[in-house]
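Heads up, the thing below is written out as C-alpha cells.
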Amino acid sequence: DRDLDDLPPSLEEAIMVFVLTCAERNLRGQNLKHKSMMINVSVFKNVQHAVKDLTYQFLVSLKEAVNVNFALEEDALDDNIIRRFHNLWKKEFNDLDWSQLLKELKNAISPIQVIEVNTSDYGEALSYDDREWPNGRSVIAVGGYALSRGLTLEGLTTSYLLRNTKMYDTLMQMGRWFGYRNGYLDLCRLYTTVNIVDAYRHIALAT
C-alpha cells in the first residue's frame with residue numbers, strides 16, 4: 001500500500017544506461033536485434049503498476065530531450081538530461097565514442113516501450129514474435145512472479161533486481177538472466193543488493 005511518487009535515482013540511472021546500451025548495440029550492427037531491460041522490485045501488482053507508470057513518464061522526458069538535442073554535438077551538453085547521459089557514459093562506457101552514441105540516441109530510444117508483465121488488468125504478455133517484431137523489439141519489462149520463472153528476456157542488457165529469495169530452484173531460474181551475451185557482454189549491467197549477490201554466490205559455489 002506504499003505510494004510511489006518518484007523513481008529512485010538508481011533506477012533512473014539504470015534506465016539511462018539501458019538507452020546507452022541500445023545505442024551502442026545499434027552502432028555494432030545489432031539494430032535489428034531484440035533489446036530488453038528488466039525491472040523486478042516487488043511481488044505486488046499495484047507496486048509494479050506504479051513503477052511502470054513512473055518509468056513510462058521518465059522515458060518520455062528522456063525521449064523529448066534526446067529528440068531536441070541529439071544532433072547538437074557539444075551544445076547538447078547544455079541540456080540537463082543529455083549531461084546526465086554524458087556523465088553515465090564517462091562512468092560506465094568511456095571507452096566508447098560519445099559523439100557517435102549521441103547521434104544514435106534518437107534511433108535507439110524512439111522504439112523503446114514500457115510494459116507491465118503480470119496477470120493484472122494492465123498486464124500483457126512479453127512477446128518477441130518475429131512476425132510481430134520483424135525489426136527487433138526494444139522493451140523495458142516491469143514485473144514480479146512472471147519475470148522470476150519460465151520467462152527469458154531476449155537481448156537483456158540491464159537488470160534492476162530487488163526481489164530476494166533463499167530457494168535454490170528459484171535462484172537458478174532467475175540466474176539465467178545473467179548468462180553470456182554474445183556481442184554485448186561488456187554492456188550488461190546489474191543493479192541489485194549485496195544480499196542478493198551473496199545468495200547467487202552461494203548457489204554458484206554449491207553447484
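Solvent exposure of the stretch 46-177 amounts to 51 Å² per residue of accessible area, where only protein heavy atoms count and the probe is 1.4 Å. Peptides 35-44, 161-170, 82-91 ranked from most to least packed give 35-44, 82-91, 161-170, packing being the mean of other C-beta atoms within 10 angstrom over each peptide's residues. In the chain, the DSSP beta bridges split such that about 0 percent are antiparallel, to the nearest 5. Only lysine pairs 8 or more places apart, or on different chains, with alpha-carbon atoms under 23 angstrom apart are counted in the chain, and they number 20. Within the accessible area of the stretch 1-51, the carbon and sulfur atoms contribute 49%, probe 1.4 Å, all protein chains present. Here the stretch 58-119 exposes an accessible surface that is 45 percent carbon and sulfur, computed with a 1.4 Å probe and the other protein chains kept in place. Kirkwood analysis of the chain, using all unique Cα-Cα pairs, places the hydrodynamic radius at 17.7 Å.
A crude spin-label estimate for the pair residue 64 and residue 186, with each label 7 Å from Cα along the Cβ direction, gives 3.6 nm.
The Rg/Rh ratio of the stretch 1-116, with both radii computed over alpha carbons and Rh defined as the Kirkwood radius, is 0.98. If the viscosity is 0.692 mPa s and the temperature 37 °C, what translational diffusion coefficient in µm²/s does Stokes-Einstein give for the stretch 100-207 when Rh comes from Kirkwood over Cα pairs? For the chosen part, D equals 209 µm²/s. The magnitude of the dipole of the stretch 28-176, with charges of +1 and -1 set on the Cβ of Lys/Arg and Asp/Glu and taken from the Cα centre, is near 520 debye. Neighbours of residue 49, meaning other residues whose beta-carbon lies under 10 angstrom from its beta-carbon, give a summed charge of -1 when Lys and Arg score +1 and Asp and Glu score -1. Protection proxy ranking, highest mean first, for peptides 134-147, 108-121: 134-147, 108-121, where packing is the per-residue count of other beta-carbon atoms within 10 Å, averaged. Output the relative contact order of the stretch 60-207, whole-number percent, from Cα pairs under 8 angstrom with separation of 6+ residues. Computed value for the stretch 60-207: 17 percent relative contact order.
Taken one residue at a time, the phi angles of the stretch 87-104 give Karplus couplings (6.51, -1.76, 1.60, θ = phi - 60°) of 5, 5, 4, 5, 6, 10, 9, 6, 7, 8, 7, 4, 4, 5, 4, 4, 5, 8 Hz. Gly and Pro are set to x.
Amide hydrogen proximity for residue 138: with H placed 1.01 Å from N in the peptide plane, the residues at 5 or more positions away or on another chain lying under 5 Å are 35, 113.
The values are calculated or read from the model by the stated rules, or taken from the named source; none is laboratory data. Keep in mind that this is a model prediction, so the values were computed, not measured. Cβ coordinates were reconstructed from backbone atoms using ideal geometry, including for glycine residues, and neighbour counts include every protein chain displayed. We work out accessible area using only protein heavy atoms, side chains counted, and drop any ligands, DNA or RNA first. Shrake-Rupley method; radii C 1.70, N 1.55, O 1.52, S 1.80 Å.
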